[in-house]
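The values are calculated or read from the model by the stated rules, or taken from the named source; none is laboratory data. On a predicted model such as this, the values are computed, not experimentally measured, just so you know. Neighbour counts run over all protein chains shown; Cβ positions are idealised from the backbone, glycine included.
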Ligand SMILES: *Cc1c(COP(=O)(O)O)cnc(C)c1O
């Protein structure tokens, strides 16, 4: 059986170091808001190339609290429009509606799966305030184009970098393009904790400070509450786990790229469309997503050969019961993507031998 993602194996590589780090936290007697967190924040900011990093409880909170902070800072108000790709994971959109802002869904480029800059520009209205650019599957959205548009129309840019730690364009990494960026360290992400964790990166000192306060009951000073905040903090234990794993992310990205290259060079089947990579060297391959008109039969074919696949994602946001008000809109490219995509195993524990088996199986696939 070739598993899609075996987290036990993935963390086993680092068992000794993780256990040591865990013991360090246990022995310290300090479990929230201590040295592990502040060190991780500094290390991750440095990794992304930003001045600030604020740890929060998860990736959804990273996005939600950034938008909330902009409201507290007077930059956004109820009903303002936030442009977001229609084919993103639902969390990007939940962060918008949670803040009583209006998500404006925009079609992606069907080749890269990322938001189309052209469609973004067309969607701008006088109420547009933010572009929420999602770097889907490990590849940066077209940030040079999106940042130009934002500048021209005086918009804020929030990156959703949950799937793209370390991805870059022209040496500039995810997390360092927008006014702020949300990261998730959910265990299955490329930089994964051993539980929930998230962070915001930014070069805006005030924003960093408001987000930090919002995640701590709206308090800058103990027992004084400036905002009606929430509790959203990155635990010391998770920060310690992440500090171990951050040391290996770049070598893991190299391993992922090797596998992706095998797939790109060796998968040859007219029924299967490979992901398009205009900026090969910057993709971090969180997911390797192919498209086919015959998804169900391809999935069963792989399954029959012991290869586990997943679908990212089966139902777009505008077709979810949670967003009934968006149901009347039509996003044909997004809908086609949701019907055609299939993610095949690609992670640091996928062996060269397994990759060959997967390639062979994909190349053998035919319709009856
Ligand atoms: C995982 C993910 C999130 C949410 O992160 P959590 O840590 O699970 O809250 C947000 N956006 C995208 C694109 C994601 O993949």
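Determine which single condition residue 118 fails, assuming it passes every other condition in (1) buried (at least 21 other Cβ atoms within 10 Å of the Cβ); (2) out of contact with any strand residue (DSSP E or B) (no Cβ under 8 Å at 6 or more places or on another chain); (3) under 21 Å from residue 143 (Cα atoms).
Status for residue 118: all satisfied but (1).
Counting residues that are touching a residue at least 40 places away in the same chain (Cβ under 8 Å), which strands (runs of 3 or more DSSP E) fully inside region 197-293 reach at least 1?
Values: elements: 198-202, 219-221, 288-291.
Answer list for region 197-293: 198-202, 288-291.
Conditions: (1) buried (at least 24 other Cβ atoms within 10 Å of the Cβ); (2) farther than 19 Å from residue 202 by Cα; (3) within 16 Å of the ligand (Cβ to nearest atom). Residue 99 meets all but one. Number of the miss?
It fails just one condition, (1).
Of the residues that sit in region 52-79 and are more than 16 Å from the ligand (Cβ to nearest atom) and not in a loop (DSSP other than H, G, I, E, B), which one is farthest from residue 206 (Cα to Cα)? Show your work before the answer.
At the first step, the residues of region 52-79 found to be more than 16 Å from the ligand (Cβ to nearest atom) are 52, 69-79.
Next, from what is left, pick out any that are not in a loop (DSSP other than H, G, I, E, B): 52, 69-72.
On the way: 52: 10, 69: 9, 70: 10, 71: 13, 72: 11 Å.
Applying the filter and picking the extreme gives 71.
Residue 32 - would you say it is touching a residue at least 24 places away in the same chain (Cβ under 8 Å) and exposed (fewer than 15 other Cβ atoms within 10 Å of the Cβ)? Working first, answer last.
Details: touching a residue at least 24 places away in the same chain (Cβ under 8 Å): yes; exposed (fewer than 15 other Cβ atoms within 10 Å of the Cβ): yes.
Answer is yes for this residue.
Restricting to region 177-195, name every residue that is over 13 Å from the mean Cα position of the chain (by Cα), within 11 Å of the ligand (Cβ to nearest atom) and under 17 Å from residue 211 (Cβ atoms).
Start the filter on region 177-195 by keeping residues that are over 13 Å from the mean Cα position of the chain (by Cα), which leaves 177-180, 193-195.
Filter again for within 11 Å of the ligand (Cβ to nearest atom), leaving 193, 195.
Once the filter is applied, which keeps residues that are over 13 Å from the mean Cα position of the chain (by Cα), within 11 Å of the ligand (Cβ to nearest atom) and under 17 Å from residue 211 (Cβ atoms), region 177-195 yields nothing.
How many residues are farther than 14 Å from residue 90 by Cα and either buried (at least 18 other Cβ atoms within 10 Å of the Cβ) or modelled with pLDDT of 95 or more (or both) if we restrict to region 321-332?
Total meeting the criteria: 2.
Taking the stated definitions as given, is residue 270 under 19 Å from residue 182 (Cα atoms) and either surrounded by 13 or more Cβ atoms within 10 Å (Cβ to Cβ) or out of contact with any strand residue (DSSP E or B) (no Cβ under 9 Å at 6 or more places or on another chain) (or both)?
Details: under 19 Å from residue 182 (Cα atoms): no; either surrounded by 13 or more Cβ atoms within 10 Å (Cβ to Cβ) or out of contact with any strand residue (DSSP E or B) (no Cβ under 9 Å at 6 or more places or on another chain) (or both): yes.
So residue 270 does not fit the description; no.
Scan region 70-96 residue by residue and report those that are surrounded by fewer than 17 Cβ atoms within 10 Å (Cβ to Cβ) and within 21 Å of residue 329 (Cα to Cα).
Quick first cut of region 70-96, residues surrounded by fewer than 17 Cβ atoms within 10 Å (Cβ to Cβ) only: 73-75, 77-79, 90.
Those that are surrounded by fewer than 17 Cβ atoms within 10 Å (Cβ to Cβ) and within 21 Å of residue 329 (Cα to Cα): 79, 90.
Among the residues of region 36-51, which ones are assigned to a helix (DSSP H, G or I) and either over 26 Å from residue 217 (Cβ atoms) or in contact (Cβ under 8 Å) with a residue 12 or more places away in the chain (or both)?
First, pick out the residues of region 36-51 that are assigned to a helix (DSSP H, G or I): 36-48.
Selection gives 36, 37, 39, 40, 41, 43, 44, 45, 46, 47, 48.
Determine the pairs where a residue that is within 19 Å of residue 187 (Cα to Cα) and touching a residue at least 24 places away in the same chain (Cβ under 8 Å), located within region 52-72, has a partner that is in a helix (DSSP H, G or I) and near the ligand (Cβ under 9 Å from one of its atoms) with Cβ atoms under 8 Å apart, the partner being 6 or more residues away or on another chain.
Every condition considered, the pairs that remain are 56/62; 59/91; 60/91; 60/94; 60/95; 63/91; 63/92; 63/95.
State which residue is farthest from residue 364 (Cα to Cα) when the search covers only region 302-318 and only residues that are surrounded by fewer than 18 Cβ atoms within 10 Å (Cβ to Cβ) and more than 16 Å from the ligand (Cβ to nearest atom).
This residue is 308.
Go over the candidates 133, 145 one by one and state the one that is surrounded by fewer than 24 Cβ atoms within 10 Å (Cβ to Cβ), farther than 15 Å from residue 64 by Cβ and either within 11 Å of the ligand (Cβ to nearest atom) or in contact (Cβ under 8 Å) with a residue 12 or more places away in the chain (or both).
On the way: 133 fails: surrounded by fewer than 24 Cβ atoms within 10 Å (Cβ to Cβ).
Exactly one of 133, 145 is surrounded by fewer than 24 Cβ atoms within 10 Å (Cβ to Cβ), farther than 15 Å from residue 64 by Cβ and either within 11 Å of the ligand (Cβ to nearest atom) or in contact (Cβ under 8 Å) with a residue 12 or more places away in the chain (or both), namely 145.
Answer yes if at least one residue in region 3-24 is within 26 Å of residue 121 (Cβ to Cβ) and either in contact (Cβ under 8 Å) with a residue 24 or more places away in the chain or in contact with a helix residue (DSSP H, G or I) (Cβ under 9 Å, 6 or more places away or on another chain) (or both), and no otherwise. Explain how you work it out, then say what you get.
At the first step, the residues of region 3-24 found to be within 26 Å of residue 121 (Cβ to Cβ) are none.
Checked region 3-24: no residue is within 26 Å of residue 121 (Cβ to Cβ) and either in contact (Cβ under 8 Å) with a residue 24 or more places away in the chain or in contact with a helix residue (DSSP H, G or I) (Cβ under 9 Å, 6 or more places away or on another chain) (or both).
Do we find a residue being under 20 Å from residue 253 (Cα atoms), surrounded by fewer than 21 Cβ atoms within 10 Å (Cβ to Cβ) and at pLDDT 95 or above anywhere in region 203-218?
Going through region 203-218, the residues under 20 Å from residue 253 (Cα atoms) turn out to be none.
No - not one qualifying residue is present in region 203-218.
Out of the residues in region 278-293 that are surrounded by fewer than 17 Cβ atoms within 10 Å (Cβ to Cβ) and out of contact with any helix residue (DSSP H, G or I) (no Cβ under 7 Å at 6 or more places or on another chain), which is nearest to residue 338 (Cα to Cα)? Quick ask: steps written out before the conclusion?
Step one: filter region 278-293 for residues surrounded by fewer than 17 Cβ atoms within 10 Å (Cβ to Cβ), giving 278-281, 293.
With the extra rule that they be out of contact with any helix residue (DSSP H, G or I) (no Cβ under 7 Å at 6 or more places or on another chain), the set shrinks to 278-281.
On the way: 278: 22, 279: 23, 280: 24, 281: 26 Å.
In this case the residue turns out to be 278.
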